[in-house]
1. Sort through Gly53, Gly96, Gly64 and tell me the only one that's closer than 18 Å to Ser20 by Cβ, outside any strand (DSSP E or B) and among the small types (Gly, Ala, Ser).
2. When you go through Val33, Val1 one by one, which is the residue that is open to solvent by less than 20 Å² (accessible area, probe 1.4 Å) and among the aliphatic types (A, V, I, L, M)?
3. Quick check on region 36-56. Is at least one of its residues without any contact (Cβ under 8 Å) to a residue 60 or more places away in the chain and of a type in the set (Phe, Trp, Tyr)?
4. Scan region 71-100 for residues that are closer than 16 Å to Gly30 by Cβ, touching a helix residue (DSSP H, G or I) at 6+ places or on another chain (Cβ under 9 Å), buried (at least 19 other Cβ atoms within 10 Å of the Cβ) and not small (Gly, Ala, Ser) and jot them down.
5. Within region 67-91, restricting attention to residues that are among the aliphatic types (A, V, I, L, M) and part of a strand (DSSP E or B), which residue is nearest to Ser123 (Cα to Cα)?
6. Exactly one of these conditions fails for Leu28: (1) open to solvent by 30 Å² or more (accessible area, probe 1.4 Å); (2) assigned to a loop (DSSP other than H, G, I, E, B); (3) aliphatic (A, V, I, L, M). Give me its number.
7. For region 46-61, state whether one or more residues are open to solvent by less than 60 Å² (accessible area, probe 1.4 Å), within 10 Å of the chain's Cα centre (by Cα) and among the aliphatic types (A, V, I, L, M).
8. Quick one: in region 110-122, of everything that is open to solvent by 40 Å² or more (accessible area, probe 1.4 Å) and part of a strand (DSSP E or B), which residue is nearest to Ser97 (Cα to Cα)?
Amino acid sequence: VQLQASGGGLVQAGGSLSLSCEVSGRTLSGYTVAWFRQALGEEREFVASTFRGTNTFYADPVKGRFAISRESAKNTVYLRMNSLKPEDTAVYYCAGSSRVILSTHRSQLSYNNWGQGTKVTVSS
């Protein structure tokens, strides 16, 4: 299974950006995909997940601004980011696993497939 993240770039504060995570090697059915981000000098943190394709979860800092969705026909998961803030600046990674359980889906240790990361820079 391979994940390919794309869509990062430079955007002004208040703007929007959409990230894509294309999954190859399996279908999205029953597969949990999450987005994590890592700012310079910081630890990687959970952003959002689509748990087994049935439920979506968000970290508090992005709730109400970001939306995760999936398109089965394209085997792709999206992260729509609105009202971006400078503190959203980070490298964003998508990760996937078929064995994630609900109690630990926010932990990066739960995921065994990772994309390469795409950089998002929000200027003030």
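The values are calculated or read from the model by the stated rules, or taken from the named source; none is laboratory data. All values reported here derive from a predicted model rather than from experimental measurement. Cβ sites come from the backbone with ideal geometry, for glycine too, and all protein chains shown count toward neighbours. Surface areas here come from the heavy atoms of the whole protein model, side chains and all, with no ligands, DNA or RNA. Shrake-Rupley method; radii C 1.70, N 1.55, O 1.52, S 1.80 Å.
1. From the options Gly53, Gly96, Gly64, the qualifying one is Gly53.
2. Val33
3. The answer is yes, given that some residue of region 36-56 is without any contact (Cβ under 8 Å) to a residue 60 or more places away in the chain and of a type in the set (Phe, Trp, Tyr).
4. Val100
5. Our first condition is that a residue be among the aliphatic types (A, V, I, L, M); within region 67-91, this holds for 67-68, 73, 77, 79, 81, 84, 90-91.
Those left that are additionally part of a strand (DSSP E or B): 67-68, 77, 79, 81, 90-91.
Details: Ala67: 21, Ile68: 23, Val77: 25, Leu79: 19, Met81: 14, Ala90: 12, Val91: 15 Å.
Looking at the filtered set, the residue picked out is Ala90.
6. (1)
7. yes
8. This residue is Trp114.
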